[in-house]
1. Which FRET efficiency value, to the nearest 0.05, do you get for Arg297 and Thr261 by plugging their Cβ-Cβ distance into 1/(1 + (r/R0)^6) with R0 = 35 Å?
2. Among all the lysines, which ones have a C-alpha under 20 Å from Lys161's C-alpha, if same-chain residues fewer than 8 places away are not counted?
3. For His87 paired with His99, estimate the spin-label separation in nm (one decimal), with each label point 7 Å from Cα along the Cα-to-Cβ line.
4. For region 75-104, list residues with backbone N below 17 Å from a point placed 7 Å from the Cα of Gln48 toward its Cβ?
5. With a 1.4 Å probe and every protein chain kept in, tell me what percent of the accessible surface of region 307-420 is carbon plus sulfur.
6. For region 301-317, what does the Karplus curve 6.51 cos²θ - 1.76 cosθ + 1.60, with θ = phi - 60°, yield as ³J(HN,Hα) per residue in whole Hz, taken in order and with x for Gly and Pro?
7. Order the following by accessible area, largest value first: Glu361, Glu144, Glu75, Glu342. Probe radius 1.4 Å; ligands, DNA and RNA are ignored.
8. Could you tell me the distance between the Cα centroids of region 142-174 and region 354-420, to the nearest Å?
Amino acid sequence: MGSPSRIAARIALPALRAEDEVCCPYCFERVPRRRIAFRCMGRAGRGQGCDPVLDEELAAYTGSTAGASLPPVFEAAGRGGRADCPHCGRTTARRVCPHCHNPLPPAYCDSPGRIVALVGAKNTGKSTYIAVLLHELMNRVGTELDASLVACDDRTIDRYKRDFARPLYEERRLLPTTTSAATAPREPLVYLLTRTRSARRLRARLPLGRERVASLALVLFDTAGEDLRSRDVRDLHLRYLEAADAIIFLVDPLQLPGARTMVRDEAPPPPPADPDSEPINVLARVTEALRRRHGLRPDERLPVPVAVALTKIDALAPVPAGQSWLHRARPSRGALDLDDREAVDAQVRGLLHEWGAGQLEVYLRQQYAEHALFGVSALGGTPVRGRVGPGGVRPHRVEDPLLWLLHRFGMLDGTRGNEG
């Protein structure tokens, strides 16, 4: 891995200022905070307020006029996230992107934001991974870290329940393959992650007994694998890759021929061979988009941290038995255990080279200033005929990639040995 202190200093969360930019999580245009637009509250009963009009910018974004008749959008300096409509005089707190007119949640405008893109070839389990990761952050992992994860808007609440939580946790169905961005605009999941950090954790940087609450607006995207098979499709529909502050790249070990010797007998058969969907080719296309955004010279490495995770490690038999760091539970310290992190990273690196996929790790070292390797299992067992296995959802280390990124963002401490 790269130099933690140097990279952490580069991407640590800054305090927000009026001149700082906010990246719209829908159209990915960057907007100075003071230039964020407002939408009128509209008419309330017989009271004052503007009547709905066709919002052409929003209709252009969604590709439909349905639901695009809304009170007008206007520009104003605003104070405290509020402004008076110049047409009717009503005060509004509804902030929107001035380019696409999608609503910008207050928590997203007022907290440092990070866009995390989740990418991988088709059938690597990206949607399932997001569903389980968010569930763990809202429950077990959130409690451990003294953190809360709250949706920033109703669209995120509705999409998570409809597309992720209900089918997987209530109906115990496997999630369908993500649809291509070419068929509809990409809808992000926007959350506010808030952590309480004590003076003990901050090592006397605060007076004894004092606590600091740190917040991070987190935007998650899942990518259809087919959208990464072609450079043309990527350029047209996946602009968020260029806006990403971090990447979680999922690799299905069942797609690596050399890994078949470690696969348990009950694991599903590997997918048909597809050169365009090979992990190294998908990663190269993502890397090209990021390099273009940063305007780097050929000899410069990307500052964007990338977490590469082997999925479905429950299908891999530990070799030698009982000595696999991948199959151990993550130490629960309320922080990132750096010893455990480095041991897992070293084991995954060794497996990739053993399986004849070492070029993936070499490419990461050449292209990225910082990367880390992981092993995760979202379901914890083999599904049966399109449904979650009899033991239910039993995730294993799904949170590891995000915890590492939170450490890079300055939201999570790192500990070693007997440190508390």
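1. 0.30
2. Output for Lys161: Lys126.
3. Going by the 7 Å Cα→Cβ label model, 2.4 nm.
4. From region 75-104, the list is 83-93.
5. 51 percent
6. My calculation for region 301-317 gives 9, 5, x, 6, x, 10, 9, 9, 10, 6, 8, 6, 6, 4, 7, 9, 6 Hz in order.
7. Reading off the accessible areas and sorting them downward yields Glu75, Glu342, Glu144, Glu361.
8. Rounded to whole Å, the Cα centres lie 20 Å apart.
The values are calculated or read from the model by the stated rules, or taken from the named source; none is laboratory data. The shown structure was predicted, so the numbers you read here are calculated from the model rather than taken from an experiment. All Cβ positions, glycine included, derive from the backbone under ideal geometry; neighbour counts span all protein chains shown. To get the accessible areas, we keep the full protein, side chains included, count just its heavy atoms, and leave off ligands, DNA and RNA. Shrake-Rupley method; radii C 1.70, N 1.55, O 1.52, S 1.80 Å.
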